Amino acid sequence: QVQLVESGGGLVQFGGSLRLSCAASGSIFRLNDMGWYRQAPGRQRELVATITSGGTTNYADSVKGRFTISRDNAKNTVFLQMNSLKPEDTAVYYCNAKVGALYQDYWGQGTQVTVSS
């Protein structure tokens, strides 16, 4: 099986920055797309950013220009650099990985990001 371990969440002021990390481990045959999703209170889980194994990125409109997703394929790790944070960014952020030839989904446990108003 594959395990995803997130780190880097916390409490920041309006306009501050955080860097989230997610390391994948276990029986990884092929680590395909990776990404970050978030769920705020009372809302559905939504896509934040994704990145393919080749480095192609996709962002939600709400975070374009503020967030940057990247990955280190040698370390099976994906990052999310979050700048100019707003209170509406407050959510639990979940790491996602699609693994193997069948692109099977794996999820981390989530890390809380809170931005003060």
Rounded to the nearest 10 Å², what accessible area does ASP33 have for a 1.4 Å probe in the complete protein model?
50
Separation between the GLN104 and VAL5 pseudo-spin-labels, each 7 Å from Cα along Cα→Cβ, expressed in nm?
2.1
Just the number, please: carbon plus sulfur as a percent of the accessible area of region 1-43, 1.4 Å probe, no ligands or DNA/RNA counted.
52
Starting from 0.36 nm per residue, how many nanometres of slack lie between ASN83 and ILE28 once their C-alpha separation is accounted for?
16.7 nm
For ARG38, net neighbour charge (Lys/Arg +1, Asp/Glu -1) across residues whose Cβ lies under 10 Å away:
0
Any residue on another chain or 5+ positions along whose placed amide H is under 5 Å from the amide H of GLY110 is listed here as GLU6, CYS95
For the chain, with a Gaussian network of springs between Cα atoms less than 10 Å apart, report the residue from SER21, SER84, SER70 with the top mean-square fluctuation.
SER84
P(r), alpha carbons of region 1-114 - 5 Å bins starting at zero, rounded %
2, 12, 25, 26, 19, 10, 5, 1, 0
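Between the DSSP loop rule and a limit of at most 15 other Cβ atoms within 10 Å, which trypsin sites (Lys or Arg not before Pro) in region 51-117 are left?
Counting only loop positions with at most 15 other Cβ atoms within 10 Å, the trypsin sites (Lys or Arg not before Pro) in region 51-117 are LYS64, ARG66.
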Between ARG43 and SER70, what length comes free when the chain is fully extended (0.36 nm per residue of separation minus the Cα-Cα distance, one decimal in nm)?
7.1 nm
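The values are calculated or read from the model by the stated rules, or taken from the named source; none is laboratory data. Here the structure is a predicted model, which means the values were calculated and not measured. No Cβ is skipped: glycine too gets one built from the backbone with ideal geometry, and neighbour counts run over all protein chains shown. Just the protein is used for accessible areas: all its heavy atoms, side chains included, with ligands, DNA and RNA removed. Shrake-Rupley method; radii C 1.70, N 1.55, O 1.52, S 1.80 Å.
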